[in-house]
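Before any comments, here is the structure.
The values are calculated or read from the model by the stated rules, or taken from the named source; none is laboratory data. Quick caveat, the model's predicted, so the values are computed rather than measured. No Cβ is skipped: glycine too gets one built from the backbone with ideal geometry, and neighbour counts run over all protein chains shown. Only protein heavy atoms, including side chains, enter the accessible area calculation; ligands, DNA and RNA are left aside. Shrake-Rupley method; radii C 1.70, N 1.55, O 1.52, S 1.80 Å.
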Amino acid sequence: MQQERLRPATTAGRQSADWLRAAPSLVEDVLGGLLASPKRLLPTYFYDERGSQLFDEICELPEYYITRTETAILEHRAAAIAACIGPDALLVELGSGASTKTRLLLDELPDLAAYVPVDISRSHLMAAAHRIADAYPGLEVLPACADFTKPFTLPKSRRLPSRIVVFFPGSTIGNFDPPAAIDLMKVMRAMVTPRLGAQGAGGLVIGFDLQKDPAILERAYDDTAGVTAEFNLNVLRRLNRELGANFALEAFRHQALWVPQAGRIEMRLVSTRRQKVTIAGELISFEVDEPIITEHCHKYTPASFAAQAAAAGWAPRRTWADARDYFHVQYLELEHPKTG
Ligand code: AVJ
């Protein structure tokens, strides 16, 4: 029974040794991105097993203030956030990873209908789901292995929830360019919109990182221990393994650049020489110093985030900040709950 409940609800990209058997979207997305100008890869590709581990290490780095700051806010404000979530809710966490921060909320939510962690990395997801189920014996844990940027089915809880609340911490929203972020926030709105009066209108608890001194931002994405560089380069290792590519990892260097006009950090892998790489039978050419953009990490002002949320039909209700005002955790509700 326990095993049954902890089986992931949907299937994400599989691990394959050879590109002929790789998920077609991986081959297509990667080739499409690398044949474009500038070259791009999706940040979702970071999170294979090793990448998910490296990300957990990043969260412990002295320069990476994001996790520590958000965790402190959640520690301090868990009771107030739980009060916004309310009794008997279904809590859906997108990109749950190790589910570490979630515990701070779960401690204050003894009457939750169920907890649905959603993550793209299967073994990471299942290990975390088992740890949560062990630590909270009365809680129904329903892991869903999915790429939350694509449609997936929410698992059904045994108890009918009062409402659905999405938890999206870590400033993961910042990985999405504004139009995609608005689309994702619309998907979240649909997720919590009541259907046929079965439950009340839901909510969203989201964490987002704020604009600050560019030196602080660049250091957070280019640490002295080189963990972020390793995390970035690992995506090439993954393409070598899963798509039979032949990237020479030593011929690319990690770069984190603050782009003020766009309000974001760009993570890049810069080719240190003129070179050609073969991927799935396709030849990709690199000039000296040509970058692959691997990630955009948007940093917001309170006003820029509010505008983005409003464009997706969300209205902010409560905002919690740290003492330095580096990061915000915000609770939002539907602007027009009746029309969704
Ligand atoms: C998981 C998207 C929140 O943008 O800070 C950390 C990912 N990349 N260091 C971020 C990341 C490099 C992280 N998010």
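Counting only residues that are surrounded by 15 or more Cβ atoms within 10 Å (Cβ to Cβ) and assigned to a helix (DSSP H, G or I), which one in region 135-177 is farthest from the ligand (Cβ to nearest atom)?
Here the residue is Ile173.
Tally up the residues in region 211-235 that are under 14 Å from Glu295 (Cα atoms), open to solvent by less than 50 Å² (accessible area, probe 1.4 Å) and part of a loop (DSSP other than H, G, I, E, B), please.
1
So, in region 178-200, how many residues would count as being open to solvent by 10 Å² or more (accessible area, probe 1.4 Å), more than 16 Å from the ligand (Cβ to nearest atom) and hydrophobic (A, V, I, L, M, F, W, C)?
Looking only at that region, the number is 6.
Identify, from the list Val235, Val277, Val288, the residue that is touching an Asp or Glu at 6+ places or on another chain (Cβ under 9 Å) and not small (Gly, Ala, Ser). Before the answer, list the steps.
Values: Val277 fails: touching an Asp or Glu at 6+ places or on another chain (Cβ under 9 Å); Val288 fails: touching an Asp or Glu at 6+ places or on another chain (Cβ under 9 Å).
Of Val235, Val277, Val288, the one residue that is touching an Asp or Glu at 6+ places or on another chain (Cβ under 9 Å) and not small (Gly, Ala, Ser) is Val235.
Checking Ala98 against (1) within 16 Å of the ligand (Cβ to nearest atom); (2) open to solvent by less than 60 Å² (accessible area, probe 1.4 Å); (3) at pLDDT 90 or above, only one condition comes out false. Which one?
Just one mismatch for Ala98, condition (3).
So Thr272 ticks every box in (1) modelled with pLDDT under 95; (2) open to solvent by 50 Å² or more (accessible area, probe 1.4 Å) but one. Which box is left unticked?
Status for Thr272: all satisfied but (1).
Looking for whichever is of a type in the set (Gly, Ala, Ser), buried (at least 16 other Cβ atoms within 10 Å of the Cβ) and at pLDDT 95 or above here; the options are Ala323, Ala312. Which one fits?
Ala312
Which one of the conditions (1) under 23 Å from the mean Cα position of the chain (by Cα); (2) buried (at least 16 other Cβ atoms within 10 Å of the Cβ); (3) more than 16 Å from the ligand (Cβ to nearest atom); (4) modelled with pLDDT under 90 does Thr11 fail to meet, given that it meets all the rest?
All conditions pass for Thr11, except number (2).
(1) assigned to a helix (DSSP H, G or I); (2) surrounded by 13 or more Cβ atoms within 10 Å (Cβ to Cβ): which one isn't true of Ile265, the others all being true?
Going through the list (1) assigned to a helix (DSSP H, G or I); (2) surrounded by 13 or more Cβ atoms within 10 Å (Cβ to Cβ), Ile265 breaks only (1).
Residues of region 215-256 being closer than 30 Å to Leu283 by Cα, within 11 Å of the ligand (Cβ to nearest atom) and small (Gly, Ala, Ser), which ones?
Of everything in region 215-256, those that are closer than 30 Å to Leu283 by Cα, within 11 Å of the ligand (Cβ to nearest atom) and small (Gly, Ala, Ser) turn out to be Ala229, Ala256.
Please go through region 52-68 and pick out each residue that is part of a helix (DSSP H, G or I) and not hydrophobic (A, V, I, L, M, F, W, C).
Step one: filter region 52-68 for residues part of a helix (DSSP H, G or I), giving 52-58, 65-68.
Passing the criteria: Ser52, Gln53, Asp56, Glu57, Tyr65, Thr67, Arg68.
Let me spell it out: the conditions are (1) free of Cβ contacts under 8 Å to residues at least 60 places away in the same chain; (2) within 21 Å of the chain's Cα centre (by Cα), and Leu239 meets all of them except one. Which number is the exception?
Going through the list (1) free of Cβ contacts under 8 Å to residues at least 60 places away in the same chain; (2) within 21 Å of the chain's Cα centre (by Cα), Leu239 breaks only (1).
Against the condition more than 17 Å from Leu249 (Cβ to Cβ), in contact with a helix residue (DSSP H, G or I) (Cβ under 6 Å, 6 or more places away or on another chain) and buried (at least 19 other Cβ atoms within 10 Å of the Cβ), how does Glu282 come out, does it pass?
So Glu282 fails the test.
Quick check on this structure: which one of Thr278, Thr294 is in a strand (DSSP E or B), within 16 Å of Arg40 (Cβ to Cβ) and hydroxyl-bearing (Ser, Thr, Tyr)?
Step by step, each of Thr278, Thr294 is checked, and only Thr294 is in a strand (DSSP E or B), within 16 Å of Arg40 (Cβ to Cβ) and hydroxyl-bearing (Ser, Thr, Tyr).
(1) touching a helix residue (DSSP H, G or I) at 6+ places or on another chain (Cβ under 8 Å); (2) part of a helix (DSSP H, G or I); (3) at pLDDT below 95; (4) among the polar types (S, T, N, Q): which one isn't true of Thr71, the others all being true?
(3)
Only one of Ile164, Ile216, Ile206 is under 24 Å from Phe55 (Cβ atoms), touching a Leu at 6+ places or on another chain (Cβ under 8 Å) and in contact (Cβ under 8 Å) with a residue 12 or more places away in the chain; which? Break it down into steps so the answer makes sense when it comes.
Numbers: Ile164 fails: under 24 Å from Phe55 (Cβ atoms); Ile216 fails: touching a Leu at 6+ places or on another chain (Cβ under 8 Å).
Just a single option satisfies the conditions, and that option is Ile206.
Go through (1) crowded, with 19+ Cβ neighbours inside 10 Å; (2) free of Cβ contacts under 8 Å to residues at least 12 places away in the same chain and name the single condition Ala306 misses.
Failed condition: (1).
How many residues are within 16 Å of the ligand (Cβ to nearest atom), farther than 22 Å from Arg241 by Cβ and touching a residue at least 24 places away in the same chain (Cβ under 8 Å) when one looks only at region 257-303?
Residues in region 257-303 being within 16 Å of the ligand (Cβ to nearest atom), farther than 22 Å from Arg241 by Cβ and touching a residue at least 24 places away in the same chain (Cβ under 8 Å): 13 in total.
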